[in-house]
Structure formats: C-alpha cells, structure tokens
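Trainee: Sharing a structure below in structure tokens format, with a few things to ask.
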Amino acid sequence: MTIRIDICTIEHVCELQEISYETFNETFEAQNSSENINAYLEKAFNREQLETELSMADSQFLFIYVNHELAGYMKVNINDAQSEKMGVESLEIERVYIRKEFQKHGLGKVLLHKAIEMATEHHKTSIWLGVWEKNENAIAFYEKMGFVQTGAHAFYMGDDEQIDLIMTKTIL
C-alpha cells in the first residue's frame, strides 16, 4: 500500500466537493435527519464556499491517496482562519475525513502526524479540533493520539444545534 499526501488547490475543487459530500454523509447520515444533512452540505460544501476556503492564505487542504486513489482529506487553519479564537500559537484541524473503505488503515494517524509537522513548521505549540460529542469512534481515536477535551462549542447541523467537543494536543 503506497500512501501519498498532496496539497489540494483550487483546480481540485470538484474532487474536494465530491469527497466532502461522500464522507460527511457516511459519517453523519445515520444519526441525523436527511433535511439537516442536506442543509449542512449545501451550506458548507457548495462550490463557491469551497473555492473561498481554498483561496484563504491561512488555510490548507490536503488530499491523502492510497495506491493513487483519493482516500480522504484534511483541512488545517492557522492564525485568523481558525474557526475559534485559539491564539496565534495554535493550529486547527477543521476537517479530517476518510472514505469508509479506507478507514481503519492508519490514514487518520498519517494525517494527524502531517498536521503536527505543519504546526511545527509554523512554530505552533498546540493543535486543536472540534469533534461531535456523539462521534465516539473519533473521540476515542483523538484521545489515543494524545488529545484532551478542553472545551465545547455549538455546531449546527441544519437547524439542529449540536455540541462539538474541543480537543487539544500540546506539541513541542
């Protein structure tokens, strides 16, 4: 199995939109109404929104490939691009999504290590993310990777207010 990480650019917006819809649905459709899922998908992953996010200087999308097949992606933010005011010493992992058929193969771990590498390059001392309180598998994974819960914030799935746990990892 060969694994490759590439930077996702504006030229990849269609691929990004496709994998965003697919992986978000796979992750959340069983526990949310289709109306709320669809409302979120249209808001967060429409082409214009993704193009705006791809053009932000302090955000970066990375694709992860397995044997030349797109398996998932990650979005990281620094400085003012962070979705919460966590300070200039922090890097946010805003999204990590792996296609279902590629899960449980260590790709999330590879992406988290890449985020740590990026944080180090940008002289950041911590990494943080928000994870839905009902996503027990993800929470357990992040805890295993050294993240601890440091807070919570509201997250809207359509018109349904939900809670994201804020998890942070200190890096040296």
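Trainee: Which condition breaks for TYR97 when tested against (1) under 15 Å from the mean Cα position of the chain (by Cα); (2) farther than 24 Å from ALA152 by Cα?
Mentor: (2)
Trainee: Taking the stretch 126-157 on its own, how many of its residues are crowded, with 18+ Cβ neighbours inside 10 Å and not in a strand (DSSP E or B)?
Mentor: Looking only at that region, the number is 2.
Here, each number is a calculation from the coordinates, and none is a lab measurement. Since this is a predicted model, take the numbers as computed values, not measurements. Cβ coordinates were reconstructed from backbone atoms using ideal geometry, including for glycine residues, and neighbour counts include every protein chain displayed.
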